[in-house]
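Here is the structure we will look at.
The values are calculated or read from the model by the stated rules, or taken from the named source; none is laboratory data. Quantities reported herein were computed from a predicted structural model and do not represent experimental measurements. Every residue, glycine as well, gets a Cβ built from its backbone with ideal geometry; the counts of neighbours run over all protein chains shown. To get the accessible areas, we keep the full protein, side chains included, count just its heavy atoms, and leave off ligands, DNA and RNA. Shrake-Rupley method; radii C 1.70, N 1.55, O 1.52, S 1.80 Å.
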Amino acid sequence: MDFSYNSEQQQISDSVEKICAEFDDNYWLEHDRNGEFPFEFHQQIAAGGWLGITLPEAYGGAGLGVTEAAIMMQAVANSAGAMSAASSIHINIFGPHPIVVFGNDEQKQRWLPDLIEGRVRSCFGVTEPDAGLNTTSITTRAQRCDDGYLVHGKKIWTSTAMEADKIMLLTRTSAKSEGKRPTDGMTLFYTDLDRKYCDVRSIPKMGRAAVDSCEVFIDGLPVPESDRIGEEGKGFNYLLHSLNPERILVAVEAIGIGRNALARATQYAKERVVFDRPIGQNQSIQHPLAESWMELEAAWLMAMHASSLYDRGEPCGIQANAAKYLAGEAGFKSCTQAVMTHGGMGYAKEFHVERLLREVMITRLAPVSPQLILCNIAEKALGLPKSY
Amino acid sequence: MKILVCVKRVLDPQVKARVKADGSGVDLANAKMTMNPFCENALEEALRLREAGAAEEIIVASVGGGKTEETLRHGLAMGADRAIQVVTEEALEPLAIAKVLKNVAEQEEVGLVLAGKQAIDDDSNQTAQMLSALLGWSQATFCSDIKIEGDKATIIREVDAGLETIEVKMPSVMSADLRLNEPRYVKLPDVMKAKRKPMDKIELGSLGLDTTNRMTTLQVEEPEGRAAGVIVNSVGELVEKLRNEAKVI
């Protein structure tokens, strides 16, 4: 029950913090303006071996758990880079999980070292415009051909697709109606994002300009059988294994951004003098900040609870969902309050809190909406009838 | 040659130090701790000497209790080969620390001791000098450049007047200035390797040294806050105040 860092976890947090400190407010504000991918940051993280934190030691990773990954990603998000920094490496931390668990040795050898060393970047093609969170209704299809598959379809909200070399692609190999369960008939691939067959378009969006979110139109992408993960038709189950780690990581990223915003707001409240006293001496300023501190800490404990369950191999679905919900709300509230605490200055880019507010929003929306989490908790934790 | 690098665990320089309510010292409960930055410079230099073929083994040592091991693990993750923790819960003074380190340096038969020029917590700037006297070795403090050739070393020292170049005989005790180098980032695979590197723990009492403290801390106080500034209305008024009030021109 002790969620304080052990010596190794402290070292992970400190070491990551040091790298992040090199990339200051101005670096990230500039990338927020010009929309360029933070190559230097990504390179520095890769050079330190951090991209392999959860991947097996046999392939050059560190073989650590989601708890350590969460500690790392909290430190990344709780830096000037916020969600831009986190998202530029996030996919590497949980994305390759289906390969680790269900890929064969040849595939692991072929794919994992490149990912760990940052030579190859990947993206996640799961969500589709017409399916949304109803993932079993995706329509991207992979048809058998002589030496593999031909894929047609479209994906949306595929982060980092503009830069990615590879895509983890969820497809249908048989229609939803044909299977016993709606989750049957889905097949997972990890393959080249070949621009000859894929049109990738960046979606202009609210925050995190430096890390793109894309639509991917796939027209006859040939995929060799050797790029299929596990068995045909079982892709959805494979993917499920990485969903809880993803939720836990998004949760701690929201907490990291929230803590960063809270620290900025607190500092400003101490320094800003109006009516002859620091504004932080006023309860209307300090109480909301105190609330944010409590909410962020509580969300952190829930995230650590979920990650420790996951690392012990125990079910953690509702805890991971709860952590994501609590953290998304707490992070958003903290960033909003940071802007409000700064008054007019909070609206100015040079104080950075408006950027944090724009960046934290995605943690409420993705990878699952707060409403669906509430439905899940009502059903699974409370035993109420399924509502959707 | 073996190099002994002495490191100290201190309050993180990014953290604001808070004085205990009873004024007996700085409150370190739940405070973020780190390796003294100058000690990191010392270790970085040792690593570079080893990479250049001037040293075979680097031992990182610290005197302290509790979580001193964490600081030594950081040293191992940076690249030291093994660690020695001399365990005591008491906060020792520089002379006592120097006596302990002399013992370690002799036991390990090292040819060079590297330390930070001072620790950022008590700013004593004494341990390296005392250690060199106790060992009867040469000393080079505030080093910003170190070149070792055979039984001599050429050192550039950062002194108030500028840079001083000296030559010392080996073996030597050297203390690192911030400008000596830029410490490397710790890499994750090295954090993992550090877990498997040897860490010896020696009880202070087993060394049979007189480490009695000679000083008593009477009172620790926070520095006074900076007084509010004044906005003047004209250059003339500024010059007048600088001349007659502040008396600086």
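Computed quantities for the displayed model
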quantity: Long-range amide H partners of residue B:202 with built H, under 5 Å; calculated: B:85, B:86, B:87
quantity: Per-residue ³J(HN,Hα) for the stretch B:20-28, Karplus 6.51 cos²θ - 1.76 cosθ + 1.60, θ = phi - 60°, Hz, x for Gly and Pro; calculated: 4, 4, 8, x, 8, x, 8, 6, 9
quantity: Global form of the stretch B:113-214, assessed from the alpha-carbon gyration tensor, a/c cut-off 1.5; calculated: oblate
quantity: Selection from A:75, B:111, B:172, by position along the positive dipole direction of the protein assembly as shown (Cβ); calculated: A:75
quantity: Axial C-alpha extent at least 27 Å, average Kyte-Doolittle at least -0.5 - helices from chain A (DSSP); calculated: A:235-271, A:283-311, A:317-341
quantity: The stretch B:96-167 and the stretch B:210-249: distance between their alpha carbon centers, rounded to Å; calculated: 34 Å
quantity: Considering only the protein assembly as shown, percent of DSSP beta bridges that pair antiparallel, nearest 5; calculated: 60 percent
quantity: Residues of the stretch B:166-249: accessible area per residue with a 1.4 Å probe, Å²; calculated: 76 Å²
quantity: Assigned charges on the beta-carbon of Lys, Arg, Asp, Glu; the stretch A:7-116 dipole about Cα centre (debye); calculated: 300 debye
quantity: Environment charge of residue B:62, counting only residues whose C-beta is closer than 13 Å and scoring Lys/Arg +1, Asp/Glu -1; calculated: +2
quantity: For the stretch A:237-380, convex hull of alpha carbons as volume per residue, Å³; calculated: 104 Å³
quantity: Fraction of antiparallel bridges per DSSP, the stretch A:122-232 only, in percent to nearest 5; calculated: 85 percent
quantity: Cα centroid separation - the stretch A:182-200 against the stretch A:312-372, whole Å; calculated: 30 Å
quantity: Chain B: calculated mean residue ellipticity at 222 nm from DSSP helix runs of at least 4, using -39500 (n - 2.57); calculated: -8000 deg cm²/dmol
quantity: Protein accessible surface hidden between A and B, which excludes ligands and nucleic acids, total in Å², probe 1.4 Å; calculated: 1500 Å²
quantity: The protein assembly as shown - Debye-derived log10 I(q)/I(0), Cα point model, q = 0.05, 0.08, 0.11 Å⁻¹; calculated: -0.29, -0.71, -1.14
quantity: The stretch A:122-232 shape via C-alpha gyration tensor axes, a/c threshold 1.5; calculated: oblate
quantity: Built amide H within the under 5 Å cut-off of residue A:124, gap 5+; calculated: A:159, A:168
quantity: Charge dipole magnitude, Cβ of K and R +1, D and E -1 - the stretch A:122-232, Cα centre, debye nearest 20; calculated: 420 debye
quantity: DSSP loop trypsin sites (Lys or Arg not before Pro) with at most 14 other Cβ within 10 Å excluded, longest remaining stretch of chain A; calculated: A:1-118
quantity: Using alpha-carbon coordinates, inclination of helix B:68-78 to the longest axis of chain B, degrees; calculated: 80 degrees
quantity: Backbone HN-Hα couplings from phi across the stretch B:185-200 [Karplus 6.51/-1.76/1.60, Hz, Gly and Pro as x]; calculated: 7, 6, 9, 4, x, 6, 4, 5, 5, 4, 5, 9, 7, x, 10, 8
quantity: ³J(HN,Hα), Karplus 6.51/-1.76/1.60, whole Hz, each residue of the stretch B:132-149, x for Gly, Pro; calculated: 5, 5, 5, 7, x, 9, 5, 10, 9, 9, 6, 6, 10, 7, 10, 10, 10, 10
quantity: 1.4 Å probe, heavy atoms, protein only - residues of the stretch B:173-187 losing at least 30 Å² accessible area vs chain alone; calculated: B:185, B:186, B:187
quantity: Whole-Å semi-axes of chain B's equivalent ellipsoid (Cα gyration tensor); calculated: 36, 24, 19
quantity: Under-5 Å amide H pairs with residue A:187, H placed in peptide plane, nonlocal only; calculated: A:171, A:172, A:173, A:233, A:235
quantity: Pairs beyond 18 Å (Cα-Cα), from B:117/B:201; B:67/B:187; A:154/A:386; B:2/B:197; calculated: B:117/B:201; B:67/B:187; A:154/A:386
quantity: Per-pair calculated FRET efficiency, R0 = 45 Å: residue B:30 and residue B:246 via Cβ, rounded to 0.05; calculated: 0.60
quantity: Only Lys, Arg (+1) and Asp, Glu (-1) charged, at Cβ; chain A dipole about Cα centre in debye; calculated: 1080 debye
quantity: Degrees between helix B:94-108 axis and first principal axis of chain B (Cα, 0 to 90, nearest 10); calculated: 30 degrees
quantity: Given charges at Cβ of Lys, Arg, Asp, Glu: chain B dipole, positive-most of B:216, B:148, B:227; calculated: B:148
quantity: Apportionment of accessible area to carbon and sulfur, chain B, percent (1.4 Å); calculated: 49 percent
quantity: Candidate lysines for bridging to residue A:270, where Cα separation is under 28 Å - those fewer than 8 sequence places away on the same chain excluded; calculated: A:18, A:333, A:349, B:16, B:20, B:32
